[in-house]
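The values are calculated or read from the model by the stated rules, or taken from the named source; none is laboratory data. Keep in mind that this is a model prediction, so the values were computed, not measured. Quick reminder, even Gly has a Cβ in these numbers, built from the backbone with ideal geometry, and neighbours come from all protein chains shown. Just so you know, the surface numbers come from the protein's heavy atoms only, side chains and all, with ligands and any DNA or RNA stripped out. Shrake-Rupley method; radii C 1.70, N 1.55, O 1.52, S 1.80 Å.
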Amino acid sequence: MHKVAEVEVQHDIMVANKKLARKNQRILDKDRVFSVDVVGAIGSGKTSLIEAIIDAVDYKIGVIAGDVISKYDAGRFENHNVPVVGLNTGKECHLDAHLVEHALHDMPLEDIDVLFIENVGNLICPVDFDLGSHMRMVVISVTEGDDTVEKHPLIFQDADLVVINKVDLAEAVGADSDKMVRDVKELNSEVQVIKTSLKTGTGFDDVIKAIDGFITDN
Amino acid sequence: MHELSMAQAIVDTVLDAAEKNNATEVVEVTIEVGMLTMLNPEQLKFLLDVIVEDTLLANAEIIIEDVPVEIDCRSCDYTGLANTDGSDHYLSIVKCPQCDERNVEILTGKECNVKTIKIEKE
Ligand SMILES: Nc1nc2c(ncn2[C@@H]2O[C@H](COP(=O)(O)OP(=O)(O)OP(=O)(O)O)[C@@H](O)[C@H]2O)c(=O)[nH]1
Ligand SMILES: [Zn+2]
Ligand SMILES: [Zn+2]
Ligand SMILES: [Zn+2]
Ligand SMILES: [Zn+2]
């Protein structure tokens, strides 16, 4: 005789990732490492911005470079003489807490003050996956079009800092960077939004100040 | 899109629960997917149908329940369904329907939950 039984499972895959994320944060806190999850569109300038920060600040930085093929960005960071762990996501479109935990094991946490985690270039998928970092910085640029914010609202709702990069190219691509700032503010009135050009240096000091502020508050 | 990895995680979860309960077959799986997850339920279902082949779930009926967005407004005293402006997965803009503010705590809408399974046993 066959019998059919109903089994309560109640296993939420998102919650499972959140739990791992909290574990990551405990690992980081134990070594007093402040971590920044850097998310943004493909080619918006995430790697360039982290590189510029590494060169500009005194604190000791480590980088986890997540990418579909991680060796490109990881190689760029290595040239700045900081500890780097590349994370190959293969066909995946985002990092998750489990992948980051693996990378944390390979990172000399006792020797660093600030850990940047560069996520895969993508404004959609990372929204679902907390990594356990202390702040999330979203980097977009004017070249994605000035409707980028409207089209991907959720990533801005959870952001702690938003950088709108490549303002030097705004005119050339016909993008209104002020509109982008307004769109972010409408989604998230508290978040700080900074317009930058990593080419000319515009706004870069404000990014450093903003991150310093988060580190001090933490 | 991460429907494939989520589908795999769902199947692993179901198989784990099925084996713990000595199932010979899984006949039904109910999954809750929140409207604020970056998951397309139709794509998820399609991928589940593909990857369950040759598993205990091969013939299971897969039921996906949409979970609407419920909020607790921090600006007024409203608790309940959010105003999502008719938008659905990917594009939800969450507002309080009473005061129109976005300063809200999200109570539901972010889940990808394997809720129940129906199994056959010897
Ligand atoms: N004109 C201009 N170019 C920039 C600026 N910032 C970055 N770039 C260029 O944009 C290109 C992409 O920059 P990356 O830093 O590699 O972007 P990314 O976000 O790390 O890219 P992925 O990791 O592939 O998603 C590079 O050629 C940079 O030199 C800027 O402010 N202005
Ligand atoms: Zn990069
Ligand atoms: Zn592992
Ligand atoms: Zn995805
Ligand atoms: Zn309200």
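Here is how the numbers come out for the structure above:
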quantity	calculated
Residue among A:ASP37, A:ASP55 that alone is over 18 Å from the mean Cα position of the chain (by Cα) and away from every other protein chain (no Cβ under 14 Å)	A:ASP55
Filtered residue count, the stretch A:132-188, keeping only those that are in contact with a helix residue (DSSP H, G or I) (Cβ under 6 Å, 6 or more places away or on another chain), in contact (Cβ under 8 Å) with a residue 60 or more places away in the chain and more than 16 Å from ligand 2 (Cβ to nearest atom)	3
Single unsatisfied condition, B:MET38 versus (1) at pLDDT below 95; (2) more than 10 Å from chain A (Cβ to nearest Cβ)	(2)
Residue list for the stretch A:124-157, restricted to those being at the interface with another protein chain (Cβ under 10 Å from one of its Cβ atoms), open to solvent by 10 Å² or more (accessible area, probe 1.4 Å) and closer than 15 Å to A:LEU187 by Cα	A:VAL127, A:GLU150, A:LYS151, A:HIS152, A:LEU154, A:GLN157
Residue check, A:PHE77 more than 27 Å from A:GLN157 (Cα to Cα), in contact with a strand residue (DSSP E or B) (Cβ under 8 Å, 6 or more places away or on another chain) and not aliphatic (A, V, I, L, M)	yes
Qualifying positions in the stretch A:88-103 - open to solvent by less than 20 Å² (accessible area, probe 1.4 Å) and within 15 Å of ligand 4 (Cβ to nearest atom)	A:THR89, A:CYS93, A:HIS94, A:LEU95, A:ALA97
Check on A:VAL68, open to solvent by 40 Å² or more (accessible area, probe 1.4 Å), aliphatic (A, V, I, L, M) and away from ligand 5 (no atom under 16 Å from the Cβ)	yes
Selection from the stretch B:8-32 of residues that are among the aliphatic types (A, V, I, L, M), surrounded by fewer than 24 Cβ atoms within 10 Å (Cβ to Cβ) and either in a loop (DSSP other than H, G, I, E, B) or in contact with a helix residue (DSSP H, G or I) (Cβ under 9 Å, 6 or more places away or on another chain) (or both)	B:ALA9, B:VAL11, B:ALA23
Residue in the stretch B:59-77 that is farthest from ligand 1 (Cβ to nearest atom), counting only those that are open to solvent by 50 Å² or more (accessible area, probe 1.4 Å) and more than 14 Å from chain A (Cβ to nearest Cβ)	B:ASP77
Single condition A:THR47 does not satisfy, out of (1) within 14 Å of chain B (Cβ to nearest Cβ); (2) polar (S, T, N, Q); (3) more than 16 Å from ligand 3 (Cβ to nearest atom)	(1)
Helices (runs of 4 or more DSSP H) within the stretch A:115-218 that include 1 or more residues under 30 Å from B:MET35 (Cβ atoms)	A:148-151, A:153-157, A:177-187
B:ILE93 vs. criteria assigned to a strand (DSSP E or B) and either out of contact with any Pro (no Cβ under 6 Å at 6 or more places or on another chain) or within 12 Å of another protein chain (Cβ to nearest Cβ) (or both)	no
